[in-house]
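See structure below.
The values are calculated or read from the model by the stated rules, or taken from the named source; none is laboratory data. Everything numeric in this text was worked out from a predicted model, so none of it was measured. Backbone-built Cβ (ideal geometry, glycine too); neighbour counts: all protein chains shown. Calculation scope for accessible area: heavy atoms of the full protein, side chains included, ligands and nucleic acids excluded. Shrake-Rupley method; radii C 1.70, N 1.55, O 1.52, S 1.80 Å.
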Amino acid sequence: MRVGLFVTCLIDLMRPRIGFAALRLLEAAGCEVVVPATQTCCGQPGYNAGARGAAQALARKVLDEFDAFEYVVVPSGSCAGMIRTHYPELLADQPAELARVQRLASRTYELTDFLLNVVKLEKVPGAYNGTVTYHDSCSGLRELDIKAQPRALLAKVAGLKLKEMNEAETCCGFGGTFALKFGEISAHIAERKCGNISASGADAVVLGDLGCMLNIEGRLRRRGDMSTKVLHVAEVLAGVEERPHINANTRG
Amino acid sequence: MQVASMHFKSRAREKLVNRNLQNALNKLQGNFVRGRAQRVAEMDNFEAIRDAASAIRDRVLDRLDVYLEEFERNATARGAEVHWAETHEDVNRIVCELARRHGVRKAVKSKSMVTEECALNDALEAAGIEVLETDLGEYILQLAKEPPSHIVAPVVHKTRDEVSDLFEEKHGTPRKTDIAELTREARERLRGHFISADMGISGANFAIAETGSTLIVTNEGNGRMVTTLPRVHVAITGIEKILPTLEDVATLMRLLPSHGTGQSISNYISVTTGVKGEREHDGPEHFHVILFDGGRTSLVGTELQPMLRCIRCGACMNHCPVYQSVGGHAYGWVYPGPMGSVLTPAYVGLEKALDLPNAATMCNQCGVVCPVKIPLPDLMRKLREQQFARKLKPWTERAAFGAWCWTAQRPAIYAAAAAIGARLLALMGGRDRLIHSIPLAGGWTASRDMPAPQGVTFRELYRRQR
Ligand code: SF4
C-alpha cells in the first residue's frame, strides 16, 4: 500500500521527530511511505484568515503532489480536516479540479484514524511508563470524529495508563492566528485547559495536533509547570519521545 | 443600540480580569451546557429532529415573502394590525405613533432582543412614555442601566451579590440575599404596573403563518401578563421568525428550551392570536404586529442566509470558549457570541465590527451544538473573506499572508526559510528550550512561552537519512 505522508508545516519546522514517529508507525503497519519533497503547507492559515485565493493556490499544490497516492496520511487532525472537509468547498467552483479534490479528500486520513481503521494496526512499538490524559483537538474531533481512535491505540501501549481530564473536548484556545491576535483571550482559554490537565493528575498530556501542543506546553511552562509532558500521540505510539537529546520536554 | 464592537479587544481585556464576571460566567457552563447535554441524551431521535427543524427553517427562508404575506392575511383576519418596518427608526416611530393613537402613558415589556436592536425603550422614554421591563433579568438591567449580555439569560454577567446591592440601593429596602426573596421583591414592584399599563410590548420567538399568531416562550409568567392584561399589545419581531404551521412550532419547541436553558419544556408557551373576542374575558382590544427587517433581507440569497435559521436559543454562546472568557458585553452590540459575530457585522456593517468574525478559535463547538445546524465558523470565515477582499484587514496582515503564500508555493525558498527559522528559534529558546518573548508575536508570548523547535527541519533530516 503506497501512502503519501503529509508532514505538515508545523511539524517540519518545530518537531521533526513527530514526522519520523508517523513514518515509523506507518512502516510498522506495512505501508510503503513516500514523503513528497516539495510539500509545504496545506493552506489552512490563509483559509481561516479569509485569504481564499492563497488557500486555493496551496490546495492545488497539495492536490498535484498527493494525487497519485492510494492514501494520504497526516499526523494532524487540523490539516487532515482541511484537506478532507474544506478543500472540496474551496475548489467547488472549479469543475476540473473538483472531482480530483474530492477523490483526494476521501483518501486523506488523520494518522490514528488511518492506523486503527484502515491498516488495522495490531501492535504498536511504543512503551510508556506512566499516566497520560488525552486532549481532543477541535478539528480532529469535530471535523473527522477523531475520539476513539487515539484512545484505542494508546490502550495498546505497554505500561500506559489513560486518565481522562474534565472538558477534554473543550478548545485549548489556540485557533491559529487567533492565538496571536487575541493573545490574552487565547491564553485565558489555555489556562482553563491547563487547570484541567493538572487536575487529572496525569504526568503527560497527549494530543494529535502541533498547534495545540505548542499552546498547551507554552502555557503550562509559563504557569510554572515544568514537569507535565506534552506529547504527540505519534511519539507515544512509536516510542520516540524518550530520546532526551532531541526532547524539549524532558530537561537535564 | 449603539455599536461598540470596534472596541472588542479593549473591552475583552477588561472582562478577563473582572473577578465578578468570571465567577458569573462559570455558572453558564454548569447549568446550560450540562442541561443541554442531558436533554439531548434523553431524545432518541435528536438528529432527526434537528434535521427536520433546519429543513423547516430553510423552507421558510426560501419563500419568506410568501409566508410573511400569509401571516399578514391571517393576522389581519383575526383583528390584528400588521406593520412593516424596514429600519429600527421605523419600529420606534410606529410604536410611538401607536402609543399616541391609543393614548398610552405606560408600557410594560416582556423580554425582546429585537427591541434591543431598536433601542425602543429610549425612544419611548423620549416620547414621554413610561416603560418597564418585566422579565426579572431585564428588570434588573433596567435598574442598573445596562444592556443584556446574553440573549436568553440577559443578566448572567451579574452575581447574586451585585443584584442584592442593586435592589437595596434602588428599592430602598433591607438587603436580601436569597434568590426567592429577591424575586418576590421584584414581583411586588411589578404587579401594579401590569394592571395600570396601557400597552404591553413583547417580542416573538415565532410568528405562525397559518394562524397569524405570535408566540413567546418564557419561564416567569410575566410574558403572559404583558400580552393579555394591557388593552394594547404590540408584538415586534424579525421577519425571519416565521414558521409555516403550528405543527412546525411543535418541532422547533423540541429544541428551543433544551438548547436555551437545558429544560425539556419551558414553563410557558404563550400564543397570541388576534384581539379579544366578544365573549372572551381577557386579551388585548388592539393587537399590533410589527415585522422588522433591520438588515435581514440583505442576507437572503447570500452565503450568509443560513444565519437566518437562528432561533435565538443561545447554545452557541453558552458553549463558546471565547464567550465563556469575556462575556457578552465585550462584543459591543445586541448579539454576542458566535451568532453575534455573524449577525453584528451583517446588520451594522462589516467595517463597524472588524474584530468579531476573527475573535473565534474556529473550534466549531458552536456549529456542533446549534439546533438548526448553522455552520457558524464557516459563516465567520465568509466574513473574513469579505474583509480580506474589501481590504478591511490591516495591510500588514494582507502583506504577511501574501508573502507566506508566495513562499509556500516555492519549495526551495520555503525550505531555506524554514531551516533558518528553525535554527533561529532554537537559539532563542536557550538552555531551557523555551522562548519567553518573540518580536511581533507579543500576543503569544505575553502570557505563554513558545516551546523552541528542535533546530533542524524534518525535510533536512529526512534527506540526510534517505
Ligand atoms: S446560532 Fe444556533 S445555537 Fe446560536 S442562538 Fe442561533 S439557533 Fe441557537
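Matching residues to (1) more than 23 Å from A:A51 (Cα to Cα); (2) open to solvent by less than 10 Å² (accessible area, probe 1.4 Å):
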| position | (1), (2) |
| --- | --- |
| A:A68 | yes, no |
| A:A80 | no, yes |
| A:Y87 | no, yes |
| A:E97 | no, no |
| A:V101 | no, yes |
| A:T108 | yes, yes |
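Inclusion of B:E146 among residues that are assigned to a strand (DSSP E or B), open to solvent by 20 Å² or more (accessible area, probe 1.4 Å) and among the charged types (D, E, K, R) is not warranted.
Of the numbered criteria (1) touching an Asp or Glu at 6+ places or on another chain (Cβ under 9 Å); (2) in the same structural domain as B:L61 (by TED's automatic domain parsing), the one B:R279 fails is (1).
For every residue, the table says whether it meets (1) without any contact (Cβ under 8 Å) to a residue 60 or more places away in the chain; (2) surrounded by 21 or more Cβ atoms within 10 Å (Cβ to Cβ).
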residue	(1), (2)
A:V119	no, no
A:N129	yes, no
A:S137	no, yes
A:I146	no, yes
A:P150	no, yes
A:E169	yes, no
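Counting only strands (runs of 3 or more DSSP E) wholly contained in segment A:19-112, the ones carrying 2 or more residues that are more than 13 Å from every other protein chain (Cβ to nearest Cβ) occupy A:71-74, A:108-110.
B:R312 passes every criterion in (1) of a type outside the set (S, T, Y); (2) open to solvent by 60 Å² or more (accessible area, probe 1.4 Å); (3) within 16 Å of the ligand (Cβ to nearest atom) apart from (2). Could you check, for segment B:165-174, whether at least one of its residues is among the β-branched types (V, I, T), free of Cβ contacts under 8 Å to residues at least 40 places away in the same chain and over 30 Å from B:I290 (Cβ atoms)? Within segment B:165-174, one or more residues are among the β-branched types (V, I, T), free of Cβ contacts under 8 Å to residues at least 40 places away in the same chain and over 30 Å from B:I290 (Cβ atoms).
B:R224 falls short of the stated requirement of being within 21 Å of the chain's Cα centre (by Cα), open to solvent by 50 Å² or more (accessible area, probe 1.4 Å) and not β-branched (V, I, T). Looking for something out of contact with any Gly (no Cβ under 9 Å at 6 or more places or on another chain) and open to solvent by 20 Å² or more (accessible area, probe 1.4 Å) - is there at least one such residue anywhere in segment A:41-48? Scanning segment A:41-48 turns up no residue that is out of contact with any Gly (no Cβ under 9 Å at 6 or more places or on another chain) and open to solvent by 20 Å² or more (accessible area, probe 1.4 Å).
Here the helices (runs of 4 or more DSSP H) wholly within segment B:380-453 that include at least 1 residues being open to solvent by less than 60 Å² (accessible area, probe 1.4 Å) and touching a residue at least 40 places away in the same chain (Cβ under 8 Å) are B:411-429. Looking at segment A:195-211 only, could you name the residues that are within 23 Å of B:G442 (Cα to Cα), in contact with a strand residue (DSSP E or B) (Cβ under 9 Å, 6 or more places away or on another chain) and not acidic (D, E)? A:L210, the sole residue that qualifies.
For every residue, the table says whether it meets (1) among the β-branched types (V, I, T); (2) away from chain B (no Cβ under 14 Å); (3) outside any loop (DSSP other than H, G, I, E, B).
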position	(1), (2), (3)
A:D136	no, no, no
A:S139	no, no, yes
A:E167	no, no, no
A:I189	yes, no, yes
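Selection of segment B:418-441 for residues being over 15 Å from A:L13 (Cβ atoms), more than 7 Å from chain A (Cβ to nearest Cβ) and within 44 Å of the chain's Cα centre (by Cα) yields B:H436, B:S437, B:P439, B:L440. Scoring B:A399 on the criteria (1) closer than 20 Å to A:G183 by Cα; (2) more than 16 Å from the ligand (Cβ to nearest atom) leaves a single failure, condition (1). Of the residues making up segment B:294-305, none is within 14 Å of the chain's Cα centre (by Cα) and within 16 Å of the ligand (Cβ to nearest atom).
Look at segment B:108-119: where a residue is over 14 Å from B:R224 (Cα atoms) and a partner is outside any helix (DSSP H, G or I) and at pLDDT below 95, sitting 6+ places away or on another chain with Cβ atoms under 9 Å, you get B:E116/B:M1; B:E117/B:M1; B:C118/B:M1; B:A119/B:M1; B:A119/B:Q2.
Residues of segment B:328-359 that are among the aliphatic types (A, V, I, L, M), away from the ligand (no atom under 12 Å from the Cβ) and within 10 Å of the chain's Cα centre (by Cα): B:V334 alone.
Out of all the residues in segment B:316-327, is one or more without any contact (Cβ under 8 Å) to a residue 24 or more places away in the chain and either in contact with a strand residue (DSSP E or B) (Cβ under 9 Å, 6 or more places away or on another chain) or more than 13 Å from the ligand (Cβ to nearest atom) (or both)? No - not one qualifying residue is present in segment B:316-327. In segment B:366-374 there is no residue matching the filter, namely being open to solvent by 50 Å² or more (accessible area, probe 1.4 Å), away from the ligand (no atom under 16 Å from the Cβ) and more than 8 Å from chain A (Cβ to nearest Cβ).
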